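Have a look at the structure below before the remarks.
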Amino acid sequence: MTTGSIAVTQAVVTEAHPEKRVTVAFLATGFSALLIGALLGPLQAFNYAGVDLYQYLPFLASYYQGLTLHGVLNALVFTTFAICGLLLYLPARELKLTPSMPWVWGAYWLMLVGLVMAGVAIVSNSSSIMYTFYPPLMGHWAFYIGLTLVVVGSLMVGGEVIRLRQKWKREHPGEATPIVAYMSVVTWWMWMIAVIGLVISMVFFLIPWSLGLIDAVDPQLARTLFWFTGHPIVYFWLLPAYVSWYGLMPRQAGGELVSDGLARLAFLMFLLFSTPVGFHHQFTDPGIPAAWKLIHSLMTMMVGIPSLLTAFTVTASLETGGRARGGRGVFGWIPKLPWHRAAFTAQVLGMISFIFGGAGGMINASFNLNPVIHNTTWIPGHFHVTVGTATTLTFMGITFWLLPHLTRKPLFSNRLALWASWLWFVGMMVFALGMHWQGLLSVPRRAHIANLSAELQGLYSEAAVPAFITGVSGAILFVGVILYFTVFFGTLFARARLTESETPDIPFTQDVRIHNQGVTKVLDRLNIWVILALVLVLFAYGPVLVDMFLNQMPIPGLKLW
Ligand code: HAS
Ligand code: CU
C-alpha cells in the first residue's frame, strides 16, 4: 500500500470513529505512566529483600519519593487514564453513538495538565507523601490540584457516557441498555458517588491548606474522607476488568455469557455497596465508634458477594467456550480454551490472581483478623494480586487486541505477549507470597528496611525466607515489564498495516437486543438505584462525618523528608 492510500484509509477510519484517536491517547498516556511506575517496582521488592538499590539512583532523593511515584503513577494515573479510554470507547461503540469529541478531548487535556502538575510536584521531591497523602504530611499544592484535575477529567468522561446512554434510551424505547454500556454506566455512576469524599477533602481542606489559606487540617477527618473514595476507587479499577470478563471474554473463549441477569445484578450490587465500607481501612483509627466500624465490616462482606457471583458466571461462561471447542468431562474444557492467544490468557491469569486477592480481602475485612495484618507488608501483597494483577493484567490483555483494532497495526508479537503475561502473573504471585508471608511475621509496609540503622539490623531476620522470595519476584517482574512494553510500543509504532479483514473486531459477546421487561427492567432503572446508593452512603457515613466536622482537631502540616 502506498503512503497516500494509508493516509486515506486512516482518514476514513478516524472519520467514521473519531473516538478511536482519543482512546489511543488515553491508553498511551496511561500505559506510559505504568511503564515508569512499574520500573520502580523492583526497587521496592529488592528493598524488602534487604537490598537497597535506591542509593544508586541519583534522581530519587529517598525511598519514599520512589514509593510515591510508584503508587501515584500505577494506582492513580495508569488506572484512571486507561479506564477513561476503555469505558468511553466500548460503550460508545456498543451503543453505536459518537461521543462529543471536543468534550472528551477537553477531559483528556485537563487530565494531562493535572498529571504534569502532580508529576512535577513528586519528581521535585516536594510531595513525597505517597498515594494516600494523609495529613499531617503536607505536599505541594500542585500535587493536590493536579490529582484533582485528573479526577475532574474522569468525571467529564463518565458524564459523557451517561449522556450517551440516555440518548440511546430515548431512541430505543422498550429495549434494555446493552450489557457493556449498562456495566460501564453503572461503573461511572458508582465513581460519581465515590469521589464525593475526595473532592470535599481536596477543595475544602488539602488545597487551601497547601496554599497557606488555612493553617491546619484534622488528620482523622481527612483520612475518613480519603477512604470514603479510597475504597470504592478499588472497584473503579476492578469493574472495567469485569466489563471485559463478562462482556468480551466469553466470546473470546468461543462461548457465551451464561446469565445476563446475574451479570447486571453483580454490577448493581457494586453500585450499592462499593462506597459505604471505607472504615475497613480505618479499624485501628481512633475517633470512629466501634459499632460503625462493625457496620462497615459487614457491608464489606456484602460487596464481596458480586465478586463471588462473578467468579461463578465468568467461569461458567468460559466453560461454554471450552465445551464448544470440544472439551469433555469435568475439567476437560480448560485445556481447550485459547491459551495460545495472549489477549485471552493474560485476562484469565488476571482472574486466577483475583481468587487470592479476594480471599485476602475477606481476611482484611474481618474485624478480628485485620489487626494482625494492618500496616504490614500483607497489604501490598493483597493489592498486587488485585489492582496489580487482576486489573492490570486484564488491561494488558485487552491492549493485545484493542491496539491492533484501534490503530490497524499488527500486534508486535503474540509470543512475546504471552511471555510477558505469564511472567507478570508468576512474578506477582511470587511477590504476593513473599509479602503476605512477611506481613504475618509483622514486617511493616512502607518501610525502608534495606536501610535499617546499625542497632536495628537483624530485626526482621525471622522473615529471611519470604524476604528472599520477594526479591526474586522483583527480578521476574522486571523482565515481564520490559517484554510487555516492547509489545505495547512495538505495536503502537509499527509501520505495517492490517487490512480490513485482518483487523480484529470488538469481541462483544452479546449483540442481541434485550427487551426491557421483568427483572432487567427493574435493574435498568438506574435513577432509583443511584438514589438508593446515596441513601446507603448517607446512613453509613452521615453520623460519623457530622460528628467529625463538628469536632475538628486541626494540626499544622509536616514535612518529614
Ligand atoms: Fe482490598 C486494602 C478488603 C478487593 C485494592 N485493597 C486494599 C488496598 C488496596 C486494595 C490498594 O477490608 C490498600 C490500600 C492502602 O494503601 O492502605 N479488598 C477487600 C475486600 C475485597 C477487596 C473484601 N482490594 C480489592 C480490589 C482491589 C483492592 C478488587 C483493587 C482492584 N482491602 C480490603 C481491606 C483493606 C484492603 C479491608 C484494608 C486493610 C488494611 O488494614 O489496611 C473484595 O472485593 C474481594 C472480593 C473478591 C472475591 C474473589 C472472586 C474471584 C473472582 C475470580 C474468579 C476466577 C476465575 C478463573 C473465573 C470474592 C471473580 C477461572 C479460571 C479458569 C482457568 C477458567
Ligand atoms: Cu477497601
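The values are calculated or read from the model by the stated rules, or taken from the named source; none is laboratory data. For clarity, every value in this text was computed on a predicted model and none was experimentally measured. Neighbour counts run over all protein chains shown; Cβ positions are idealised from the backbone, glycine included. The accessibility values were calculated without ligands, DNA or RNA, using every heavy atom of the protein model including side chains. Shrake-Rupley method; radii C 1.70, N 1.55, O 1.52, S 1.80 Å.
Every test in (1) open to solvent by 60 Å² or more (accessible area, probe 1.4 Å); (2) among the polar types (S, T, N, Q); (3) more than 16 Å from ligand 2 (Cβ to nearest atom); (4) touching a residue at least 12 places away in the same chain (Cβ under 8 Å) is passed by Thr284 save one, and that test is (3).
Scanning the range 56-87 for residues that are among the aromatic types (Phe, Trp, Tyr), farther than 17 Å from Thr389 by Cβ and open to solvent by less than 10 Å² (accessible area, probe 1.4 Å) yields Tyr63, Phe81. Comparison of Asn375, Asn370 shows that the only residue that is at pLDDT 95 or above, touching a Pro at 6+ places or on another chain (Cβ under 9 Å) and farther than 28 Å from Cys84 by Cα is Asn375.
Scan the range 197-233 for residues that are out of contact with any Pro (no Cβ under 9 Å at 6 or more places or on another chain), open to solvent by 10 Å² or more (accessible area, probe 1.4 Å) and away from ligand 2 (no atom under 15 Å from the Cβ) and jot them down. Selection gives Val199, Ile200, Val203, Phe204, Ile207, Pro208, Ser210, Leu211, Gly212, Leu213. Applying the criterion of at least 1 residues that are in contact with a Lys or Arg (Cβ under 8 Å, 6 or more places away or on another chain) and farther than 28 Å from Leu545 by Cα to the helices (runs of 4 or more DSSP H) found wholly in the range 118-231 leaves 179-200. The residue pairs whose first member lies in the range 12-23 and is over 11 Å from Trp105 (Cβ atoms), whose second member is of a type in the set (A, V, I, L, M) and at pLDDT 80 or above, and whose beta carbons are closer than 7 Å, counting only pairs six or more residues apart or on different chains, are Lys20/Leu406; Thr23/Leu88; Thr23/Leu406. Within the range 332-356, the set of residues being touching a helix residue (DSSP H, G or I) at 6+ places or on another chain (Cβ under 6 Å), of a type outside the set (Val, Ile, Thr) and either in a helix (DSSP H, G or I) or at pLDDT below 95 (or both) comprises Ala342, Ala343, Phe344, Ala346, Gln347, Leu349, Gly350, Ser353, Phe354. The residues of the range 367-379 that are open to solvent by 20 Å² or more (accessible area, probe 1.4 Å) and more than 13 Å from ligand 2 (Cβ to nearest atom), listed by number, are Phe367, Asn368, Leu369, Pro371, Val372, Asn375, Trp378. Screening the candidates Met130, Met101 for the property of being within 16 Å of ligand 1 (Cβ to nearest atom), at pLDDT 95 or above and open to solvent by 10 Å² or more (accessible area, probe 1.4 Å) yields one hit, Met130.
Would you say Phe236 is open to solvent by 10 Å² or more (accessible area, probe 1.4 Å), of a type in the set (Phe, Trp, Tyr) and within 16 Å of ligand 2 (Cβ to nearest atom)?
So Phe236 fails the test.
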